[in-house]
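Chemist: Below you will find the structure I want to go over with you.
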Amino acid sequence: MRNPLRSEAEAFRFVIVTLAAFAAIAVAYALGGWVAALIVFLLVTAAAIVFYFREPSGEPKVVEAPATHPPGEYRLVVLANRTVASGELLEEVCRIAKERHATVHFVAPALTDRAHHWASDVDPARADAQARLDVSLANLLEAGIPATGEVGSDDPLLALDDSLRTFGPDEAIICTRPAGKSLWLERGVVHKARDRFDLPITHLIVEDVP
Amino acid sequence: MEAHAAAHHHGPPIAHASSKVNREVLGMFLFIASEVMVFGAFFAMYFFIRVVNGVPWPTPPYHLPVYVAGINTLILVTSSFTMHWSLQSIKKGNRAGMKAGLVLTVFMGLTFLLTQLMEYSRIGFAPHNGAFGSVFYSLTGLHGAHVLVGLTILTCMTIRAFRGHFSPEHHDGVEIAGIYWHFVDVMWIIVYTTIYLL
C-alpha cells in the first residue's frame, strides 16, 4: 500500500486529490441530488483504493550489485524457506557447485504472519528459520560443499535484494513447493523476482519437505 | 550473519532491519488510524442524525455561512501550497523561501482559526441547540483543535527556521509539520463538504 502521508510531497498530492474528489461530489450533489453525490463518492473511493493499494509497477531493475568478487568466481544464492533442507534442493545445489566451482550462500526468510510482522515479533520465526538453515548447511558440508547462510527478511523479495547487495551472486535459485501448496507462488514471488532483478533466476519446485 | 558465526552467538538471532516495520512508517500508520477513528466516530454521529433520523440540515431557522466558510476553505487550501513551497525551498537551499512559506502558512492558519471563532460568535446557535448544533460544533471544533495543534508545531518550526536551523540535508521538522498540516487540510475539505455543502 502507498502511504498517502509518507512524505510532505505525497501528503500535498493527497490534498489536491481530496480537493478534486470532494469538489466532484459537491457538484454532483448540486446537479443530481443525493443519489448522484453517492455515485460519485463511491467512484472516487474505488479509484482511491485502486490507486493506493495497487502494486507499484515498472520498478527499475537492480542492474548491479554493490558487492564485488574476484573474476572467475561463480556465486550462487539460494532462497528457500520450508524447503531449505530438502534433499532435491541440496542435490541441485551440489551439482551446480561442483560443475561451476560455485560459492554458495543460502537465504532463509523468517516465516511470520502479518500480526507478528506488525508487532515486530519475529524472533521465534527467525530462530525456526535458523534451525532449518543449520540442517541444510550441515548436509552441504557433509557433501563436501562449504556454504554460508543467513536468515533473511520475512519478505522474500527483500531478503533476495539484501543478498544481492551483500553477496553479489551470479545466479539465484528460488526453491518452492508446488503450486497450490506454496504461498510464495500464490504471491507471485518468482515472477516478481525475475521482473525486479537482473540475474538468472532458476525456479526449483520440490516435493520433499522435511 | 554467517551460519558459522551463528553457532557462537547467544540469545535470539540478530534481526535484519528489513525484517521489522520501519518505526516512522508504523508511527504514521498508527497516527492515521487513530485520527480516522476519531473523525470517523464524529462522522458516524453526523450520518445517523442526518440520514437515519432525518434531521433537517441545517435545522430551521438556522443557516450556515457557506460563503464565509468557503473563503476560509480557500485560505486553508492555499496554506497547503505555501507549506509545500516552504519545504521545496529548503530542499533547494533557499532559506528565505522556507521562512516566507512558513510565515505565510502560520498567518493563513491563524486567519482560518480566527474566522472560525468569529463564525461561532455570530452563527446564532450553540452546541446545546439540538442534535444539529451538537454535530456542527463537534466536527468543526475537533478540526479547529487540530488546526491549533498544527499552528503550534508550525510556529515552533518557524522560530527554528529564523534561528538558522534546517538545511537542504536536514529538514525533518519542516517535513513532518508539513505532513500534519496537509492532513488537517484534507480533513477540513471533507468536513466543509459534508457539513456546509451537502
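The values are calculated or read from the model by the stated rules, or taken from the named source; none is laboratory data. Every value quoted in this text rests on a predicted model; they were computed, and no experiment measured them. Cβ placement follows ideal geometry from the backbone for every residue including glycine, while neighbour counts extend to all protein chains displayed.
Chemist: Have a look at B:Gly178, B:Gly124, B:Gly164 and point out the one that is surrounded by 17 or more Cβ atoms within 10 Å (Cβ to Cβ), of a type in the set (Gly, Ala, Ser) and modelled with pLDDT under 95.
Modeler: When all the criteria are applied, what remains is B:Gly178.
Chemist: So in the range B:50-89, with the set limited to residues that are crowded, with 18+ Cβ neighbours inside 10 Å and β-branched (Val, Ile, Thr), which one is nearest to the other protein chains (Cβ to nearest Cβ)?
Modeler: Ranking the qualifying residues of the range B:50-89, first place goes to B:Val77.
Chemist: Which one of the conditions (1) surrounded by fewer than 21 Cβ atoms within 10 Å (Cβ to Cβ); (2) within 13 Å of A:Val104 (Cα to Cα); (3) touching a residue at least 60 places away in the same chain (Cβ under 8 Å) does A:Gly144 fail to meet, given that it meets all the rest?
Modeler: Result: A:Gly144 fails condition (3) only.
Chemist: Would you mind stating whether A:Leu185 is within 29 Å of A:Gly72 (Cα to Cα) and of a type outside the set (D, E, K, R)?
Modeler: No: the conditions fail for A:Leu185.
Chemist: Within the range A:5-30, track down each residue that is touching a residue at least 24 places away in the same chain (Cβ under 8 Å) and small (Gly, Ala, Ser).
Modeler: A:Ala21
Residues are listed down the side, and each one gets a yes or a no for (1) over 22 Å from A:Glu207 (Cα atoms); (2) at the interface with another protein chain (Cβ under 10 Å from one of its Cβ atoms); (3) out of contact with any Gly (no Cβ under 6 Å at 6 or more places or on another chain); (4) not basic (Lys, Arg):
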site: A:Val77; (1), (2), (3), (4): no, no, yes, yes
site: A:Pro124; (1), (2), (3), (4): yes, yes, yes, yes
site: A:Leu137; (1), (2), (3), (4): no, yes, no, yes
site: A:Gly144; (1), (2), (3), (4): yes, no, yes, yes
site: A:Ser153; (1), (2), (3), (4): yes, yes, yes, yes
site: A:Asp161; (1), (2), (3), (4): yes, yes, yes, yes
site: A:Pro178; (1), (2), (3), (4): no, no, yes, yes
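Chemist: Which numbered condition in (1) under 21 Å from A:Leu89 (Cβ atoms); (2) among the aliphatic types (A, V, I, L, M); (3) within 14 Å of chain B (Cβ to nearest Cβ) is the only one that A:Leu199 fails?
Modeler: (3)
Chemist: While we're looking at this one, here's another question. State the number of residues belonging to the range A:196-209 that are assigned to a loop (DSSP other than H, G, I, E, B) and closer than 15 Å to A:Thr83 by Cβ.
Modeler: Final tally of qualifying residues: 4.
Chemist: Return the residues of the range A:3-22 that are among the aliphatic types (A, V, I, L, M), facing another protein chain (nearest Cβ under 7 Å) and part of a helix (DSSP H, G or I); say none if nothing qualifies.
Modeler: Matches in the range A:3-22: A:Ala11, A:Val15, A:Leu19.
Chemist: Going through the range B:60-76 one residue at a time, which ones are in contact with a Phe, Trp or Tyr (Cβ under 8 Å, 6 or more places away or on another chain) and closer than 20 Å to B:Val184 by Cα?
Modeler: Selection gives B:Val66, B:Ala69, B:Gly70, B:Asn72, B:Thr73, B:Ile75, B:Leu76.
Chemist: Which one is surrounded by the fewest Cβ atoms within 10 Å (Cβ to Cβ) among residues in the range A:1-22 that are at pLDDT below 90 and more than 19 Å from B:Leu87 (Cβ to Cβ)?
Modeler: Looking at residues that are at pLDDT below 90 and more than 19 Å from B:Leu87 (Cβ to Cβ), I get A:Met1.
Chemist: Among the residues of the range A:23-34, which ones are modelled with pLDDT under 90 and either more than 11 Å from every other protein chain (Cβ to nearest Cβ) or under 26 Å from B:Gly178 (Cβ atoms) (or both)?
Modeler: Within the range A:23-34, just A:Gly32 meets the criteria.
Chemist: Let me ask another. Report yes if some residue within the range A:167-174 is of a type in the set (A, V, I, L, M, F, W, C), farther than 19 Å from A:Arg95 by Cα and touching a residue at least 60 places away in the same chain (Cβ under 8 Å); otherwise report no.
Modeler: Yes, some residue in the range A:167-174 is of a type in the set (A, V, I, L, M, F, W, C), farther than 19 Å from A:Arg95 by Cα and touching a residue at least 60 places away in the same chain (Cβ under 8 Å).
Chemist: Looking at B:Val149, is it in contact with a helix residue (DSSP H, G or I) (Cβ under 9 Å, 6 or more places away or on another chain) and buried (at least 22 other Cβ atoms within 10 Å of the Cβ)?
Modeler: no
Chemist: Please verify whether the range B:36-51 includes one or more residues that are charged (D, E, K, R), in contact (Cβ under 8 Å) with a residue 12 or more places away in the chain, over 30 Å from A:Ser153 (Cβ atoms) and in contact with a helix residue (DSSP H, G or I) (Cβ under 9 Å, 6 or more places away or on another chain).
Modeler: Yes, there is a match, as at least one residue in the range B:36-51 is charged (D, E, K, R), in contact (Cβ under 8 Å) with a residue 12 or more places away in the chain, over 30 Å from A:Ser153 (Cβ atoms) and in contact with a helix residue (DSSP H, G or I) (Cβ under 9 Å, 6 or more places away or on another chain).
Chemist: Ok, one more. Based on what the data block shows, is B:Val135 surrounded by 17 or more Cβ atoms within 10 Å (Cβ to Cβ), within 14 Å of another protein chain (Cβ to nearest Cβ) and at pLDDT below 95?
Modeler: Considered against the rule, which asks whether it is surrounded by 17 or more Cβ atoms within 10 Å (Cβ to Cβ), within 14 Å of another protein chain (Cβ to nearest Cβ) and at pLDDT below 95, B:Val135 comes out as no.
Chemist: Could you tell me whether B:Phe136 is part of a helix (DSSP H, G or I), of a type in the set (Phe, Trp, Tyr) and more than 24 Å from A:Glu10 (Cα to Cα)?
Modeler: So B:Phe136 passes the test.
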